[in-house]
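The structure appears below as structure tokens.
The values are calculated or read from the model by the stated rules, or taken from the named source; none is laboratory data. What you are looking at is a predicted structure, and each value in this text was computed from that prediction instead of being measured. Backbone-built Cβ (ideal geometry, glycine too); neighbour counts: all protein chains shown.
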Amino acid sequence: MEVLSVQLDSSVNSPVVVLRELAGESRLLPILIGQPEALAINWALDGTPTPRPMTHDLLQDVIEDLGAHLQRIVITHVHQGVFYADLVISTESGERIVSGRPSDAIALAVRVRCSIHVADDVLEVAGVHPDETPQSHEEVEGGEDVVEQFREFIDSINPDDFNPAG
């Protein structure tokens, strides 16, 4: 997966991070996140320096100072619209898995440039095919950017659309 964008979902006035599947069906996975995490992800994507280390920078430093390395993050499951993630950390004594919020895991993954994975069943339940994004009144031309298509999609949905229990 890759971080495609972080944007504001105007229907709930909350940021959403959009992941895109790199292999396979190129499905999109939107996850509602908090404002601080949205800023942290955007700053990491843009390479924006901060005057002092932010929380995700601190976690990165702690992991490295302990001689460990963040191998990957995995969005493991979704329950009643809430996503769950694991940090997979390699240490001298073997692989360790630490549970965390997807937004924090993604912010950290972008900083350390590790891979982002999503369990297949999560993509089956909450993934969106790019060709399923609603069209505007005009036909979308074949060359239109997938980001613009997804913005239209985000503007037309609400969070309950991604609640598999709903």
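For region 65-76, name all the residues that are of a type outside the set (S, T, N, Q) and in contact with a strand residue (DSSP E or B) (Cβ under 9 Å, 6 or more places away or on another chain). Leu66, Gly67, Ala68, His69, Leu70, Arg72, Ile73, Val74, Ile75 - these are the residues of region 65-76 that are of a type outside the set (S, T, N, Q) and in contact with a strand residue (DSSP E or B) (Cβ under 9 Å, 6 or more places away or on another chain). The number of residues in region 85-103 that are surrounded by 13 or more Cβ atoms within 10 Å (Cβ to Cβ) and among the polar types (S, T, N, Q) comes to 2. Counting residues in region 28-49 that are surrounded by fewer than 16 Cβ atoms within 10 Å (Cβ to Cβ) and within 25 Å of Asp131 (Cα to Cα) gives zero. Assuming Val62 fulfils every condition listed in (1) among the hydrophobic types (A, V, I, L, M, F, W, C); (2) assigned to a helix (DSSP H, G or I); (3) within 12 Å of Val110 (Cβ to Cβ); (4) free of Cβ contacts under 8 Å to residues at least 40 places away in the same chain apart from one, which condition is it? All conditions are met except number (3). Whether a residue is in contact with a Cys (Cβ under 6 Å, 6 or more places away or on another chain) and either small (Gly, Ala, Ser) or in contact (Cβ under 8 Å) with a residue 40 or more places away in the chain (or both) was assessed, and Arg101 does not pass this test. For the structure I just gave you, tell me whether Leu66 is crowded, with 18+ Cβ neighbours inside 10 Å and either modelled with pLDDT of 95 or more or not aliphatic (A, V, I, L, M) (or both). Considered against the rule, which asks whether it is crowded, with 18+ Cβ neighbours inside 10 Å and either modelled with pLDDT of 95 or more or not aliphatic (A, V, I, L, M) (or both), Leu66 comes out as no.
In region 17-58, which residue that is in contact (Cβ under 8 Å) with a residue 40 or more places away in the chain and in a loop (DSSP other than H, G, I, E, B) is nearest to the chain's Cα centre (by Cα)? Here the residue is Ile33. When region 69-128 is filtered for residues that are touching a Lys or Arg at 6+ places or on another chain (Cβ under 7 Å), outside any loop (DSSP other than H, G, I, E, B) and farther than 22 Å from Glu25 by Cβ, the ones remaining, listed by number, are Val88, Ile89.
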